[in-house]
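I have placed the structure first, in the form of structure tokens, so that the comments after it can refer back to it.
FYI, it's all coordinate maths here, none of it is from the lab. Nothing here was measured: the structure is a model prediction, and the numbers come from that model. Quick reminder, even Gly has a Cβ in these numbers, built from the backbone with ideal geometry, and neighbours come from all protein chains shown.
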Amino acid sequence: MKRAIIIAAITGLSALVATRLLAADGQAIILPGTAATTLAQEQAALKAARRQSDEARDRSARLEQQAGAARDDAEQARRRAAALAARIQQAEADIEAAQARIAIIARMQRAQAERLAVKQEPVVRLTAALQMMARRPLALALVQPGSVTDAVHMRAVLGQVLPVIQQRTARLRAELDASRALR
């Protein structure tokens, strides 16, 4: 009995983990209850879900009209039940569409994060170098031979590089804002 419970627990846990993992190629994701999908498949699923939702809404409206036109109570109740079933199908299709949109947005966020990581690396390295320079005591710069000359050269280099850094970081900030907008 204990063995069966342990096996069931391990199987359930492995199934849960498998549905939450990213595919190895980075291009496909695995959602709970689905296989690996590509962006084209996610977009097709979104279109199909929207189409099913529209069809179910139309079917529900048509059945409601027929229920209103029905003469006896039994027929009217049967048609209203069918209209309710169509509305339920519409809600299910809307849920599928929302899940497809979530998958597409998650893919977009991952791609954006990868691009931002590549663009942030040089800025992070530059910031680290500037912090190391800023930590050097001023008195030490006056005592070391050539330090004043080095400081003047560094100031000239920073004067030339600073506009480029500001331009690059402005683009990076704009992309970060776009990434936040996806959330």
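Please give the length that would be gained between Asp73 and Ile105 if that part of the chain were fully extended, namely 0.36 nm times their separation in residues minus their C-alpha to C-alpha distance (nm, one decimal). Write down the numbers at each step before the final one.
Details: separation 32, 0.36 × 32 = 11.52 nm, distance 4.74 nm.
The Asp73-Ile105 span can extend by a further 6.8 nm.
At 7 Å along Cα-to-Cβ for each site, give me the label-to-label distance between Ala98 and Val157 in nm.
5.5
Taking 7 Å along the Cα-to-C-beta vector as the label spot, tell me the Ile88-Thr127 distance in nanometres, rounded to one decimal.
5.4
Could you give me the ³J(HN,Hα) list for segment 84-91, computed from phi with Karplus coefficients 6.51, -1.76, 1.60 and θ = phi - 60°, whole Hz, x at Gly and Pro?
Coupling constants for segment 84-91: 5, 4, 5, 5, 5, 4, 5, 4 Hz.
Around Thr37, which amide H atoms from residues at least 5 apart in sequence, or from another chain, sit under 5 Å from its own amide H, with H modelled in the peptide plane?
Ile29
Taking 0.36 nm per intervening residue step and subtracting the Cα-Cα distance, what contour gain separates Gln65 from Lys119 on full extension?
On the way: separation 54, 0.36 × 54 = 19.44 nm, distance 5.81 nm.
Gain on extension, Gln65 to Lys119, equals 13.6 nm.
How charged is the neighbourhood of Ser53? Take every other residue with its Cβ under 12 Å from the Cβ of Ser53, and add Lys/Arg as +1 and Asp/Glu as -1. Mind dumping the intermediate values first?
Numbers: positive: Lys47, Arg50, Arg51, Arg57, Arg59, Arg87; negative: Asp54, Glu55, Asp58, Glu92, Asp94, Glu96.
Net charge in that neighbourhood comes out at 0.
Could you tell me the calculated FRET efficiency between Arg180 and Arg57, based on Cβ-Cβ distance and R0 = 30 angstrom, to the nearest 0.05?
Efficiency computed from Cβ-Cβ geometry: 0.35.
For Asp94, what charge total do you get from the other residues with a beta carbon under 11 Å from its beta carbon, if Lys and Arg give +1 and Asp and Glu give -1?
On the way: positive: Arg50, Arg57, Arg87, Arg101; negative: Asp54, Glu92, Glu96.
So the environment of Asp94 carries a net charge of +1.
I need the phi-derived Karplus couplings for segment 97-105: 6.51 cos²θ - 1.76 cosθ + 1.60, θ = phi - 60°, integer Hz, Gly and Pro marked x.
5, 5, 5, 5, 4, 4, 5, 5, 5
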